[in-house]
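In what follows, a single structure is set out as structure tokens and then discussed.
The values are calculated or read from the model by the stated rules, or taken from the named source; none is laboratory data. None of the values given here were measured: they were computed from a predicted structure. Every residue, glycine among them, receives a Cβ derived from its backbone with ideal geometry; neighbour counts consider all protein chains shown. Ligands, DNA and RNA are excluded from the accessible area calculation, which covers all protein heavy atoms including side chains. Shrake-Rupley method; radii C 1.70, N 1.55, O 1.52, S 1.80 Å.
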Amino acid sequence: MRIVAINSSMRKGRTYELLNNVVSKLPYDSEIINLKDYNIKFCLGCENCLKRDKCVINDDMEFLMNKILEADGLILSSPVYIENVSGLLKTFLDRTCKWYHRPPLLGKPVLLVATTAGSALKSVLNYMEKVVISWGMKPCGKIGKKISEKREVNERDIEKFIKALENPNSREYVGLIRLMRFQVQKAMAKNVIKIDKEYWRRTRLLEARYFYEIKADPLSQLIAASFGKFLSNKIGENVAQNSLNLD
Ligand SMILES: Cc1cc2nc3c(=O)[nH]c(=O)nc-3n(C[C@H](O)[C@H](O)[C@H](O)COP(=O)(O)O)c2cc1C
């Protein structure tokens, strides 16, 4: 089992320390990647990755994205900077834009880690969760630490992550909001970019109710599926009327 842990602080400070603490508790081969050691340029917004599946920038992003693709699990971390993730992490996330369109990490476990002087711990962890869910990942816990706190990482912090890694076929319960977000991604994939639709068809996501096998209550599934159909029709009409296709 191979775990990739990403530190997005510009220093090996508190976030790195917490990440190291998490990694030391895991019974797996783990690698901490300090993003600051890599060449990561800003996204140019050219949409080439979306339309042609190829980024025009030559830097270390492909290497880093492959590291995540090849890992069995991911630990993603950030310090809180001005109520948000670090600029370095945001720059990294912007460059993964094609993963929102063509999610490649279906059901792969992810653990989220953040540190702060005091504010925004919850919102930053929630933001990171939103991003990794859109990549198709299975969120398996959040570890947040204020700098005034003394607490060490404990078994409970990492048990869900370990369980998911050990039992890849275990089904988690997914609620309405996540089911609906999946439907939004699907509706876009169906109607806007040709290679997205091909990808969603090839990976059988087009007919799926979620990125991977889950448990969900029937009413939520019904609401999400109906919403998905409605949204897909609306986007389809809009794209046709305004020639919005990004092919
Ligand atoms: C540029 C910058 C912005 C920060 N913004 C916030 C903030 O909005 N709220 C907060 O509580 N702490 C803030 N902090 C404190 C950091 O979140 C905290 O010190 C964190 O543990 C630093 O992690 P590091 O040692 O891994 O770099 C900020 C620190 C820096 C350097």
>> Given the whole protein assembly as supplied and a 1.4 Å probe, what does the accessible area of ARG209 come to in Å², nearest 10?
In response: 90
> Between ASN233 and LYS150, what length in nm is gained on full extension when 0.36 nm per residue of separation is reduced by their alpha carbon distance?
Replying inline: 24.6 nm
> GNM on the chain, C-alpha springs below 10 Å: top fluctuator among CYS46, CYS97, CYS55?
Replying inline: CYS46
>> Less than 13 Å Cβ to Cβ from SER123, Lys/Arg counted +1 and Asp/Glu -1: what total charge do the surrounding residues give?
In response: +1
> What number in nm² do you get for the chain if you take the convex hull of its Cα atoms and divide its surface by four?
Replying inline: 13.7
> Taking a probe of 1.4 Å, how large is the accessible area per residue of the chain, in Å²?
Replying inline: 52
>> Angle check, please: helix 155-166 long axis (alpha carbons) against the longest principal axis of the chain (alpha carbons), in degrees 0 to 90, nearest 10.
In response: 50
> For the stretch 176-242, which whole percent of the accessible surface, found with a 1.4 angstrom probe, sits on carbon and sulfur atoms?
Replying inline: 58
> Per 5 Å bin from zero, what fraction in whole % of the C-alpha pairs of the stretch 176-242 is there, up to the bin with the longest pair?
Replying inline: 3, 19, 27, 25, 16, 7, 2, 1
> GLY175: net charge of surrounding residues, Cβ under 15 Å, Lys/Arg +1, Asp/Glu -1, itself excluded?
Replying inline: +4
> Under the rule of -39500 (n - 2.57) per DSSP H run of 4 or more residues, summed and divided by the residues of the chain, what mean residue ellipticity at 222 nm is obtained, to the nearest 500 deg cm²/dmol?
Replying inline: -14500 deg cm²/dmol
> What dipole magnitude, in Debye to the nearest 20, does the chain give about its Cα centre under +1 on Lys/Arg Cβ and -1 on Asp/Glu Cβ?
Replying inline: 460
> At a 1.4 Å probe, what is the % contribution of carbon and sulfur to the accessible area of the stretch 2-166?
Replying inline: 49
>> If I take R0 = 45 Å and measure r between the Cβ atoms of ASN66 and ILE223 in this structure, what FRET efficiency does the formula 1/(1 + (r/R0)^6) give, to the nearest 0.05?
In response: 0.75
> Using Cα pairs under 8 angstrom and six or more residues apart, how large is the relative contact order of the chain, in percent?
Replying inline: 18
> In the structure shown, do any of LYS122/LYS145; LYS36/LYS130; LYS54/LYS194 have a Cα-Cα gap over 19 Å, and if so which?
Replying inline: LYS36/LYS130
